[in-house]
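To keep things clear, I will list the structure first and then write my remarks on it.
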Amino acid sequence: MRPGVIAGLRAVRDAGLAYDVLTRPHQLPAAVVAARMVPDLVFVLDHLSKPHIAGRSLEPWATHLAALAAEPNVSAKLSGLVTEAGPQWTVNELRPYAEVALEAFGPDRLMVGTDWPVCLLAASYGEVLAAADELVAGLSAAERGQVLGGTAERVYRLGKS
């Protein structure tokens, strides 16, 4: 919340860019404050703030994530989960975290990411994408399209000059 940081965030906004936020769960309340201080900057939460999946802990992460998702200028990446789950992860271990994120952000503000090359510590690129496909399989085709590409295209203004 230092003035120089907020000035930097405003410079990112003025350049027409989105700002990727990488936090740990205990830092999510500060991200809420930043999103409120620069409401016309698009923030993207990376890796869902790296929840403690290996410890099977949803709280207080889920509550803090919902508070950040309440800010309309914030989207999130469904990424980086396999390294937080540990080397023998399963999609079922990731599912509660993906469900919390989908409930909080909705498909129109959630996007898949891979966290490549860091994900290679726990899974191949293909395994990460397959897990993402499985995690969003219950969504409608339009919603899957948003999470698997549409949200990122819109938020990062891809393909537009």
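Listing for the model above:
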| read-out | value |
| --- | --- |
| Any chance Ser49 is buried (at least 16 other Cβ atoms within 10 Å of the Cβ), within 30 Å of Gly4 (Cβ to Cβ) and free of Cβ contacts under 8 Å to residues at least 60 places away in the same chain | yes |
| Counted residues, the range 1-10 - those being modelled with pLDDT of 95 or more and loosely packed, with under 13 Cβ neighbours inside 10 Å | 1 |
| Qualifying positions in the range 114-149 - surrounded by 14 or more Cβ atoms within 10 Å (Cβ to Cβ), part of a helix (DSSP H, G or I), in contact (Cβ under 8 Å) with a residue 24 or more places away in the chain and out of contact with any Lys or Arg (no Cβ under 7 Å at 6 or more places or on another chain) | Cys119, Glu127, Val128, Ala131, Ala132, Glu134, Glu143, Arg144, Gln146, Val147, Leu148 |
| Residues (surrounded by fewer than 19 Cβ atoms within 10 Å (Cβ to Cβ), out of contact with any helix residue (DSSP H, G or I) (no Cβ under 7 Å at 6 or more places or on another chain) and either in contact (Cβ under 8 Å) with a residue 60 or more places away in the chain or of a type in the set (D, E, K, R) (or both)) located in the range 64-111 | Glu99, Glu103 |
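The values are calculated or read from the model by the stated rules, or taken from the named source; none is laboratory data. What you are looking at is a predicted structure, and each value in this text was computed from that prediction instead of being measured. Cβ atoms come from the backbone with ideal geometry, glycine included; neighbour counts cover every protein chain shown.
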